[in-house]
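> There's a structure below that I have some questions on.
The values are calculated or read from the model by the stated rules, or taken from the named source; none is laboratory data. This one's a predicted model, so the numbers in the text were calculated from it and none came from an experiment. Because the Cβ atoms are built from the backbone with ideal geometry, glycine has one as well, and the counts that use them run over all protein chains shown. To get the accessible areas, we keep the full protein, side chains included, count just its heavy atoms, and leave off ligands, DNA and RNA. Shrake-Rupley method; radii C 1.70, N 1.55, O 1.52, S 1.80 Å.
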Amino acid sequence: MGEHKRIGILTSGGDCAGLNAVIRAVTHRAVGSYQWEVLGILRATAGLMHHPPQAIKLDREKVELTLTNAGTMLGTTNKGDPFAFPLPDGTLSDRSEEIISGYHELGLDALIGIGGDGSLAILRKLAMQGGINLVGIPKTIDNDVAITERSIGFDTAVNIATEALDRLHFTAASHDRVMILEVMGRDAGHIAISAGIAGGADIILIPEISYSIDNVCHKIKQLQQEGQNFCIVVVSEAVCTEAGDKVECLVSFGERRYGGIGHYLAERISASSGAETRVTVLGHTQRGGAPSPLDRLIASAFGVAAVDLIANGEYDRMVTWQNRQVMSVPIAEAISQYQTVDPKGTLVKTARGLGICLGD
Ligand code: F6P
């Protein structure tokens, strides 16, 4: 079917559930339908930077039992921009040409890059510079890639956060406590608003809507007056302090990540309202677990569509999920925007309609 091709596939940025499902779908479509060769590049662009480039041949047998596995069988990295790559002596070096050489050395006709907006921007820059025939697939628990309604991994993360809320309800009610659940999502509140509604939260704080501790405590008091002795709060990791400061922690070599807003809120809430308050930080559990059926479905649809784009010679495009269909858009269009929660959108309206306090 058509001319023979050798294509590469890599996973880049933070992992999430559903990456193996998409690797499997790409392999099935490329090897099964087109009889092409598929090389899985190890540890994202690091595998191409390596001499010789590090890649494994993927066939149906290798991917057969991977549909339900979390993580990525290829490995990944969310550190080290290849255009300003940190060297052990602390200096930065442009290693883009090494990656481009790796792609050509493997004799690839095209590359499928599975990543979030940051990874796709880097991959596109490499593709433009080095003549790489790139097709992008959006994945991220944060669901912040523009245009596509869904990215791989988001649904599973929402399921995990919702399940945590279900569990917190009973212990909160048993102890008359305010329970705060801090969820991930980077600069967007998609996980918080979705899981918060699905998990019956009383208060949801997201970075897109500013809040005050007074409003939060007012809601807690109101619930008590109505006879509810507990309160469930969901907060997105990127929510700032009341003064507008980010709450972050140092992870390594000067790299910072969001984390700690739950504990900040707990102190303020208990000081202002006297309520006994506890915090659960879900963290990386949101990236693990077997992918939900929806994530498997989207991963499968994206994988097939990405291979078909290559078959049609349509490069520099990212597959998207729009109006119940897989479509594609120029990668440049997707990475030029950042998809946050629309403060006037359906989910915010739904939350307000349910009487959920959004802190404002
Ligand atoms: O982008 C995915 C994500 O899990 C974010 O929600 C979070 O802010 C970040 O990655 C955490 O990164 P790391 O895995 O480096 O701690």
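> Among the candidates 251, 279, 234, which residue alone is in the same structural domain as residue 166 (by TED's automatic domain parsing), within 16 Å of residue 161 (Cα to Cα) and within 16 Å of the ligand (Cβ to nearest atom)?
234 is the lone residue from the list that is in the same structural domain as residue 166 (by TED's automatic domain parsing), within 16 Å of residue 161 (Cα to Cα) and within 16 Å of the ligand (Cβ to nearest atom).
> So which of 19, 10, 39 is closer than 21 Å to residue 106 by Cβ, of a type outside the set (Lys, Arg), modelled with pLDDT of 95 or more and surrounded by fewer than 24 Cβ atoms within 10 Å (Cβ to Cβ)?
39
> Looking for something small (Gly, Ala, Ser), surrounded by 14 or more Cβ atoms within 10 Å (Cβ to Cβ), within 17 Å of residue 154 (Cβ to Cβ) and within 16 Å of the ligand (Cβ to nearest atom) - is there at least one such residue anywhere in the stretch 288-310?
Looking for residues that are small (Gly, Ala, Ser), surrounded by 14 or more Cβ atoms within 10 Å (Cβ to Cβ), within 17 Å of residue 154 (Cβ to Cβ) and within 16 Å of the ligand (Cβ to nearest atom), one finds at least one in the stretch 288-310, hence yes.
> Which residue pairs have Cβ atoms closer than 7 Å, lie 6 or more positions apart in sequence or on different chains, and pair a first residue in the stretch 9-23 that is more than 17 Å from residue 54 (Cα to Cα) with a second residue that is of a type in the set (Val, Ile, Thr) and away from the ligand (no atom under 16 Å from the Cβ)?
Matching pairs, first to second residue: 20/66.
The rows are residues; the columns are (1) open to solvent by 30 Å² or more (accessible area, probe 1.4 Å); (2) acidic (Asp, Glu).
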residue: 188; (1), (2): no, no
residue: 203; (1), (2): no, no
residue: 207; (1), (2): yes, no
residue: 214; (1), (2): yes, yes
residue: 220; (1), (2): no, no
residue: 225; (1), (2): yes, no
residue: 228; (1), (2): yes, no
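> Residues that are at pLDDT 95 or above: which strands (runs of 3 or more DSSP E) entirely in the stretch 240-353 hold 3 or more of them? Steps first, please.
Values: elements: 248-252, 255-258, 277-281, 317-322, 325-330.
In the stretch 240-353, 277-281, 317-322, 325-330 are the strands (runs of 3 or more DSSP E) which contain 3 or more residues that are at pLDDT 95 or above.
> Something else now. Cβ-Cβ under 8 Å, sequence separation 6+ or interchain: first residue in the stretch 346-360 and open to solvent by 100 Å² or more (accessible area, probe 1.4 Å), partner modelled with pLDDT of 95 or more. Which pairs?
352/358; 354/197
> Here is a further query. Taking the condition more than 15 Å from the ligand (Cβ to nearest atom) and open to solvent by 20 Å² or more (accessible area, probe 1.4 Å), does residue 268 pass?
Values: more than 15 Å from the ligand (Cβ to nearest atom): yes; open to solvent by 20 Å² or more (accessible area, probe 1.4 Å): yes.
Here the answer is yes, as residue 268 does meet what is asked.
> For the stretch 51-103, give me each residue that is touching a residue at least 40 places away in the same chain (Cβ under 8 Å), over 17 Å from residue 254 (Cα atoms), open to solvent by 60 Å² or more (accessible area, probe 1.4 Å) and within 26 Å of the chain's Cα centre (by Cα).
64, 68, 69, 73, listed by residue number.
> When the stretch 197-215 is examined, which residues are found to be closer than 15 Å to residue 182 by Cα and touching a residue at least 60 places away in the same chain (Cβ under 8 Å)?
197, 201, 202, 203, 204, 205, 206, 207, listed by residue number.
> Among 137, 132, which is the only one that is free of Cβ contacts under 8 Å to residues at least 40 places away in the same chain, farther than 27 Å from residue 242 by Cβ and open to solvent by less than 20 Å² (accessible area, probe 1.4 Å)? Before you say what the answer is, go through the steps one by one.
On the way: 137 fails: free of Cβ contacts under 8 Å to residues at least 40 places away in the same chain.
None of the others qualify; the one that does is 132.
> Restricting to the stretch 247-283, count the residues that are more than 27 Å from residue 88 (Cα to Cα) and of a type outside the set (A, V, I, L, M, F, W, C). Full working, then the answer.
So in the stretch 247-283, the residues more than 27 Å from residue 88 (Cα to Cα) come out as 247, 260-283.
The next check asks that each one be of a type outside the set (A, V, I, L, M, F, W, C); those that pass are 260, 262-264, 267-268, 270, 272-274, 276-278, 280, 283.
Number satisfying all stated conditions: 15.
> Checking the conditions here, which among 81, 89 is within 16 Å of the ligand (Cβ to nearest atom), of a type outside the set (Val, Ile, Thr) and more than 25 Å from residue 300 (Cα to Cα)?
Of the residues listed, the single one that is within 16 Å of the ligand (Cβ to nearest atom), of a type outside the set (Val, Ile, Thr) and more than 25 Å from residue 300 (Cα to Cα) is 81.
> Go through the residues of the stretch 151-161 one by one and say whether even a single one is in contact (Cβ under 8 Å) with a residue 12 or more places away in the chain, away from the ligand (no atom under 16 Å from the Cβ) and open to solvent by 10 Å² or more (accessible area, probe 1.4 Å).
The first filter runs over the stretch 151-161 and keeps only residues in contact (Cβ under 8 Å) with a residue 12 or more places away in the chain, leaving 151-161.
Okay, now just the ones that are also away from the ligand (no atom under 16 Å from the Cβ), so none.
For the stretch 151-161, residues in contact (Cβ under 8 Å) with a residue 12 or more places away in the chain, away from the ligand (no atom under 16 Å from the Cβ) and open to solvent by 10 Å² or more (accessible area, probe 1.4 Å): absent.
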